[in-house]
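Peer 1: Next up is a structure, given as structure tokens.
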Number of protein chains: 4
Amino acid sequence: MDLFLIVSIRSWRIEEKMEPWKTSITKVEPNHLTTKGYAQENLIGSIPFSYVVYLLLKGDLPDKSQGRMMDAILTACIDHGVTPPSAMATRVVASGGVPLPTAVAAGILSIGDAHGGAIEKGACFMQEGVKQMHDEGLTIDEIAKRLVTESREKKQRILGFGHRVHTADPRTKRLFQIAEEEHITGDHVKLAKAIEHVLHEQTGRNLPINVDGAIAAIISDMDFDWRLGKGFFLIGRVAGLTAHAYEEQTKFKPMRKMFSIDYEYDGPNEKSMKNE
Amino acid sequence: MDLFLIVSIRSWRIEEKMEPWKTSITKVEPNHLTTKGYAQENLIGSIPFSYVVYLLLKGDLPDKSQGRMMDAILTACIDHGVTPPSAMATRVVASGGVPLPTAVAAGILSIGDAHGGAIEKGACFMQEGVKQMHDEGLTIDEIAKRLVTESREKKQRILGFGHRVHTADPRTKRLFQIAEEEHITGDHVKLAKAIEHVLHEQTGRNLPINVDGAIAAIISDMDFDWRLGKGFFLIGRVAGLTAHAYEEQTKFKPMRKMFSIDYEYDGPNEKSMKNE
Amino acid sequence: MDLFLIVSIRSWRIEEKMEPWKTSITKVEPNHLTTKGYAQENLIGSIPFSYVVYLLLKGDLPDKSQGRMMDAILTACIDHGVTPPSAMATRVVASGGVPLPTAVAAGILSIGDAHGGAIEKGACFMQEGVKQMHDEGLTIDEIAKRLVTESREKKQRILGFGHRVHTADPRTKRLFQIAEEEHITGDHVKLAKAIEHVLHEQTGRNLPINVDGAIAAIISDMDFDWRLGKGFFLIGRVAGLTAHAYEEQTKFKPMRKMFSIDYEYDGPNEKSMKNE
Amino acid sequence: MDLFLIVSIRSWRIEEKMEPWKTSITKVEPNHLTTKGYAQENLIGSIPFSYVVYLLLKGDLPDKSQGRMMDAILTACIDHGVTPPSAMATRVVASGGVPLPTAVAAGILSIGDAHGGAIEKGACFMQEGVKQMHDEGLTIDEIAKRLVTESREKKQRILGFGHRVHTADPRTKRLFQIAEEEHITGDHVKLAKAIEHVLHEQTGRNLPINVDGAIAAIISDMDFDWRLGKGFFLIGRVAGLTAHAYEEQTKFKPMRKMFSIDYEYDGPNEKSMKNE
């Protein structure tokens, strides 16, 4: 009871065990910043920004091939016009009259399992497939057939194939070309191409590898953790979203009428409240 | 009344005038994407990602000097450890058990007038200062003195000077060195340095140009719209925030006890409700 | 150098002065939670949730009149169909395949100066107007005329008047009726009505008080801080946004085609890169 | 080629099949708003806000018992001091100098599987358990034993039990008391209590039903969809987060030093870049 009185006029700390922080990202000292082992002043202006992104996600600097591949991946994610959920979210939020970063963040929020998410899930799927192949001594074609057959039996869509606009995504072709030039192509890219082939064979449908699927395969061949999948997409896309927020705020009035939606109200007919 | 009945079973459209969309960012056609005049497949892997960011924010590709400067600016924004609002927001949100982009977006939300905002406001301030200087035929030193004197009279802080940790921010020095090497330094960087000098002279305090102030001056000399100020910061920082979200999710348990806060409850003492 | 070595293998703390936390919201003790002076177990189920919202924003519990007014205000904010930025942001983000709270948060982000913001700015405007009226011994009509005239001279829109869909917002009428019944109507509501009248007189246009303007006037008569203005809107609207996120996720497929936008690409014509 | 030219000077629409919108939330007509069958002007001020929340989530108005239970549930979620991820995210983001809704949204983002998420997953778990019980003609005790045994065998934690601060959560006791008084208690609440008992029996540990678990059980007895679980928490919590954002913005300086973190940098030792 006495303790209680003291507590209510002084301060109070919940005594939970606090975990110590460990971080491998940046050490901050007065006038000195070290990120993943490199002084920031040495990174600034000495190497491309994309190399620094690679450093942050992989733990060390890329060689020239890996660096060029990283540039290509980020560029392939920048923008797909005004209709994807991310661009639309950024623009409608910008039209509410908020600061630029708030609008950009709204766009990033839409990056989920259905938008950009195929990189994460596709990379996970392919990494498990390649592991299975090696464990069981299978060929690329054998594992591709098994994966497609299993997915079709479970009625699960294989992510990273097919696109709502493109029948031959120009970004996919270019990304694979660079992966080839830079000698990055490995089992995962081969598996992606084999799956595309088997899908066509088994379903008769053309489900080409889309940009998400291509990136999933390439980052897997670059030995990235699949859990970073959405990260590649968002780091690239944030550049486009910044352009969208800026365009909306400088070219249009706030709260402009952005679209017409013919909607059908399918709720209950109007009724009175019981107590009326 | 009849109309009403039809409406409730059919669809309904509010007849507001809809503004036509115009966008200069990306044209989307089947199997072809054009961003700011360039086919995306030509951009991918041909130039650094930072050049593409420049393209999106400026409207055309940079030359090599501008490109290197852009790389330097984005790299200078990547990370400042675990304590800034953006890193902390990303980490506490990640600890709630949400997808990576949700946690990164939370970090971006904190980029406001007090965190990263000095780039926007500082650039606006310097651009107006340089304009005034030219309009009235003043020297850099004269306009710097006037701006500092006026701000002190209005008790307004000049943004972009001083840092809570660094007395000589290593990023500032390096950014100015590159701006010099690439012949980007112009009136705005000169004005920033003159303001730093006058501030010291008039206040006796050491308020060195911080990284935000340096970027504000440099993007002004590169002829960027100051309204994009927070955009540079967020595009660079999102790389660091992605690393923070990933580290939190892979190295720690959800809902870990992250910090102890000795807080004092200064609300009313406990009381009973009137109707008790 | 020695210090450096120790630092790099042990821990490091930036020695900034840390401000002590003071909070008047909730005191947390084992098995006991006190919010604004009331044990949470006494609040739960004893009074309406709206009374607790009032407690959190005002510092003490409302009487029955204030409580009913609070219920009315929150209900007036719940939803305005699928087209406002907040509903649209929630729905497009939900369609990306993210958790429900992420989609709801995206909607809240759009609550800005142009969407819901008229409550904050309108309340600030009216509170300053009423203060001026009392300071200078003016009548409601005199201050209304002055405010409208000044705003028109400065070409500043008075926020909280006019609506893109409604000529007579049904929510405004009902809110004012309840404010009257509960004897809450005071100088601010009177001023809002006088401004509506003067606006019509001076411009010939019908710019009726909208729901934001009505709430701005009423919370001012209830002596709330205008800086909480957007808070009322968001607490009410979050209920509608939750319904939108849920409807999108349970009624539609992810990444559905939500709208057609006829857009004109007004960027540069396609060109080749210089180094090609 | 000709087509191309026309496209580049006129407008362009991707011809995807657009799904028609159907919404049961609100019908918007000039001067008339109908939400879930009720004119908004009839809802405003006639019933508590909590009843309207129930309407939005359930499709019709509650009776008095259900309404009181809804008030209790929302109030039980309002706040738990400064340390939960949601409050901390709101406060650090507010300290960045952003608008109030941006800070509140950041808090909502942290509501995930580990924070507030036990309502969704717990409700799903209990609803499946009760269904199984009915399908197989088991008693509450039998299904509780089976669920606990199975979860322990799979090493899966049953969500909604145990708390990092409270051994007897005062909110749980009060919520169950009201559910009893209002005759809402049914199989799900009984199952929750039986699980608590079996957990203690099998593990020897005291893992009392926490506030999330209590709400999960009660909304299940009220026949709510478990997918709305996080919605209850966020609608209640947003009131507390608004108070946190407001307190941070009015009581403290932006970018205040909020906490000390003793962190250990466990990244690589400082090294030079290869090309230096």
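Peer 1: Restricted to region D:143-164, and to residues that are without any contact (Cβ under 8 Å) to a residue 24 or more places away in the chain and within 18 Å of residue D:195 (Cα to Cα), which residue is least open to solvent (accessible area, probe 1.4 Å)?
Peer 2: D:151
Peer 1: Any idea which residue in region C:109-124 is surrounded by the fewest Cβ atoms within 10 Å (Cβ to Cβ), counting only those that are part of a helix (DSSP H, G or I) and touching a residue at least 40 places away in the same chain (Cβ under 8 Å)?
Peer 2: C:124
Peer 1: For residue B:218, state whether it is aliphatic (A, V, I, L, M) and either within 9 Å of another protein chain (Cβ to nearest Cβ) or part of a loop (DSSP other than H, G, I, E, B) (or both).
Peer 2: no
Peer 1: Condition check: open to solvent by 30 Å² or more (accessible area, probe 1.4 Å) and in a helix (DSSP H, G or I). Does residue A:205 satisfy that?
Peer 2: Working: open to solvent by 30 Å² or more (accessible area, probe 1.4 Å): yes; in a helix (DSSP H, G or I): no.
Taking the combined requirement at face value, the residue does not satisfy it.
Peer 1: Of these, B:212, B:225, which one is in contact (Cβ under 8 Å) with a residue 60 or more places away in the chain and open to solvent by less than 60 Å² (accessible area, probe 1.4 Å)?
Peer 2: B:212
Peer 1: Now, a different point. Output yes when any residue across region D:165-185 is aliphatic (A, V, I, L, M) and more than 30 Å from residue C:35 (Cβ to Cβ), and no when none is. Give the derivation first.
Peer 2: First pass over region D:165-185, keeping only residues aliphatic (A, V, I, L, M): D:165, D:168, D:175, D:178-179, D:184.
Checking which are more than 30 Å from residue C:35 (Cβ to Cβ) leaves us with none.
No, region D:165-185 has no match at all.
Quick grid of which residues meet (1) among the charged types (D, E, K, R); (2) assigned to a helix (DSSP H, G or I); (3) closer than 30 Å to residue D:165 by Cα:
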{"site": "B:176", "(1), (2), (3)": "no, yes, no"}
{"site": "B:190", "(1), (2), (3)": "yes, yes, no"}
{"site": "B:214", "(1), (2), (3)": "no, yes, no"}
{"site": "B:228", "(1), (2), (3)": "no, yes, no"}
{"site": "B:231", "(1), (2), (3)": "no, yes, no"}
{"site": "B:235", "(1), (2), (3)": "no, yes, no"}
{"site": "B:247", "(1), (2), (3)": "yes, yes, yes"}
{"site": "B:255", "(1), (2), (3)": "no, no, yes"}
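Peer 1: What are the pairs with Cβ atoms under 6 angstrom where one residue, in region D:165-189, is on the phi < 0 side of the Ramachandran plot and the other, located anywhere, is among the polar types (S, T, N, Q) and open to solvent by 20 Å² or more (accessible area, probe 1.4 Å)? Sequence gap at least six, or different chains.
Peer 2: Taking only residues 6 or more apart or on different chains, the pairs are D:166/C:31; D:168/C:31; D:170/C:31; D:179/D:185; D:182/D:65.
Peer 1: Suppose the filter is in contact with a strand residue (DSSP E or B) (Cβ under 7 Å, 6 or more places away or on another chain), within 12 Å of chain D (Cβ to nearest Cβ) and surrounded by fewer than 24 Cβ atoms within 10 Å (Cβ to Cβ); does residue B:98 pass it?
Peer 2: So residue B:98 fails the test.
Peer 1: For region C:20-42, how many residues are outside any strand (DSSP E or B) and open to solvent by 30 Å² or more (accessible area, probe 1.4 Å)?
Peer 2: Just the residues of region C:20-42 that are outside any strand (DSSP E or B), to begin with: C:20, C:24-25, C:30-31, C:36-37, C:40-42.
Subset that is open to solvent by 30 Å² or more (accessible area, probe 1.4 Å): C:20, C:30-31, C:41-42.
Of the residues in region C:20-42, 5 are outside any strand (DSSP E or B) and open to solvent by 30 Å² or more (accessible area, probe 1.4 Å).
Peer 1: Another question, if that's okay. From B:234, B:228, grab the single residue that is touching a Ser or Thr at 6+ places or on another chain (Cβ under 8 Å), within 29 Å of residue B:134 (Cα to Cα) and of a type outside the set (Ser, Thr, Tyr).
Peer 2: Result of the check over B:234, B:228: B:228.
Here's the yes/no breakdown for (1) farther than 30 Å from residue D:99 by Cβ; (2) more than 7 Å from every other protein chain (Cβ to nearest Cβ); (3) of a type outside the set (Ser, Thr, Tyr):
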site: D:171; (1), (2), (3): yes, no, yes
site: D:183; (1), (2), (3): yes, yes, yes
site: D:186; (1), (2), (3): yes, yes, yes
site: D:190; (1), (2), (3): yes, yes, yes
site: D:195; (1), (2), (3): yes, yes, yes
site: D:226; (1), (2), (3): yes, yes, yes
site: D:239; (1), (2), (3): no, no, yes
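Peer 1: Could you check residue A:45 against (1) at pLDDT 95 or above; (2) within 11 Å of chain D (Cβ to nearest Cβ); (3) open to solvent by less than 30 Å² (accessible area, probe 1.4 Å) and say which number it fails?
Peer 2: (2)
Peer 1: Residue check: is residue C:260 surrounded by fewer than 18 Cβ atoms within 10 Å (Cβ to Cβ), free of Cβ contacts under 8 Å to residues at least 12 places away in the same chain and closer than 30 Å to residue A:259 by Cα?
Peer 2: yes
Peer 1: Could you figure out which of (1) free of Cβ contacts under 8 Å to residues at least 12 places away in the same chain; (2) within 13 Å of chain B (Cβ to nearest Cβ) isn't true of residue D:244?
Peer 2: It is condition (1) that residue D:244 fails.
Peer 1: Which one is modelled with the lowest pLDDT among residues in region C:143-166 that are more than 19 Å from the chain's Cα centre (by Cα), assigned to a loop (DSSP other than H, G, I, E, B) and more than 20 Å from residue C:189 (Cβ to Cβ)?
Peer 2: C:165
Peer 1: Is it the case, given these coordinates, that residue D:58 is closer than 18 Å to residue D:234 by Cα, open to solvent by 10 Å² or more (accessible area, probe 1.4 Å) and more than 13 Å from the chain's Cα centre (by Cα)?
Peer 2: yes
Peer 1: If you don't mind, there's one more thing I want to ask. So in region B:130-142, with the set limited to residues that are part of a helix (DSSP H, G or I) and of a type outside the set (D, E, K, R), which one is surrounded by the fewest Cβ atoms within 10 Å (Cβ to Cβ)?
Peer 2: B:134
Peer 1: Now for a separate question. Got a sec? Which of C:194, C:217, C:243 is over 16 Å from the mean Cα position of the chain (by Cα) and within 24 Å of residue C:111 (Cβ to Cβ)?
Peer 2: Of C:194, C:217, C:243, the one residue that is over 16 Å from the mean Cα position of the chain (by Cα) and within 24 Å of residue C:111 (Cβ to Cβ) is C:243.
Peer 1: Do you know which residues across region C:62-88 are more than 7 Å from chain D (Cβ to nearest Cβ), not in a loop (DSSP other than H, G, I, E, B) and not charged (D, E, K, R)?
Peer 2: The answer is C:65, C:66, C:67, C:69, C:70, C:73, C:85, C:86, C:87, C:88.
The values are calculated or read from the model by the stated rules, or taken from the named source; none is laboratory data. Fair warning: this is a prediction, and the values are worked out from it, not measured in the lab. Note that we place each Cβ from the backbone using ideal geometry, even for glycine, and neighbour counts take in every protein chain shown. What goes into the accessible areas is simple: the full protein's heavy atoms, side chains included, and nothing from ligands, DNA or RNA. Shrake-Rupley method; radii C 1.70, N 1.55, O 1.52, S 1.80 Å.
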